[in-house]
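Accompanying notes for the structure given below.
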Amino acid sequence: QVQLVESGGGLVQAGGSLRLSCAASGRIFRINTMGWYRQAPGKQRELVARITSGGTTTYADSVKGRFTISRDNAKNTVYLQMNSLKPEDTAVYYCNCNAVPIAYITGQEYWGQGTQVTVSS
């Protein structure tokens, strides 16, 4: 019903920047919240940042002031600008959205396939 395709991960030195993108496609009636989660080896998946359809944002304490989430509702795309990256930001980053597919009433959760971000010291 809804597919999420991520791009923009890679290898960067500490202090560097990366920009992740995630485009949603499919039989979409409405997208509510879009966000980014990450999972480092041996750790649980955690919320990085989230943005509502109205533009309200939420950030994990560990990324506040360094990461910025934004979205283009016309393109069904969410972005994560990551600055001042640290080795502890190394993880697989997953795009997430709560979307209402056509012919559905309630929102459903969807996940991207994940993109690796590696920050070297």
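Summary of values
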quantity: In sequence order, calculated HN-Hα J values of region 80-95 (Karplus, 6.51, -1.76, 1.60; Hz; x Gly/Pro); calculated: 9, 8, 10, 10, 6, 5, 10, x, 6, 7, 4, 4, 8, 9, 10, 7
quantity: Under 14 Å, Cβ to Cβ, from residue 37 - net charge with Lys/Arg +1 and Asp/Glu -1; calculated: 0
quantity: Mean Cβ neighbour count within 10 Å, used as a protection proxy, ranking 18-26, 37-45 highest first; calculated: 18-26, 37-45
quantity: Accessible area, probe 1.4 Å, largest first, for residues 36, 111; calculated: 111, 36
quantity: R0 of 22 Å, Cβ-Cβ distance residue 109-residue 64: FRET efficiency to nearest 0.05; calculated: 0.35
quantity: Spin-label pair residue 44/residue 81, simplified geometry with 7 Å Cα→Cβ offset, distance in nm; calculated: 3.2
quantity: Net charge dipole size for region 30-110 [Lys, Arg +1 and Asp, Glu -1 on Cβ; Debye, nearest 20]; calculated: 60
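The values are calculated or read from the model by the stated rules, or taken from the named source; none is laboratory data. For clarity, every value in this text was computed on a predicted model and none was experimentally measured. All Cβ positions, even for glycine, are placed from backbone atoms using ideal geometry, and neighbour counts span all protein chains on display. The area values use the complete protein model at the heavy-atom level, side chains included, leaving out ligands, DNA and RNA. Shrake-Rupley method; radii C 1.70, N 1.55, O 1.52, S 1.80 Å.
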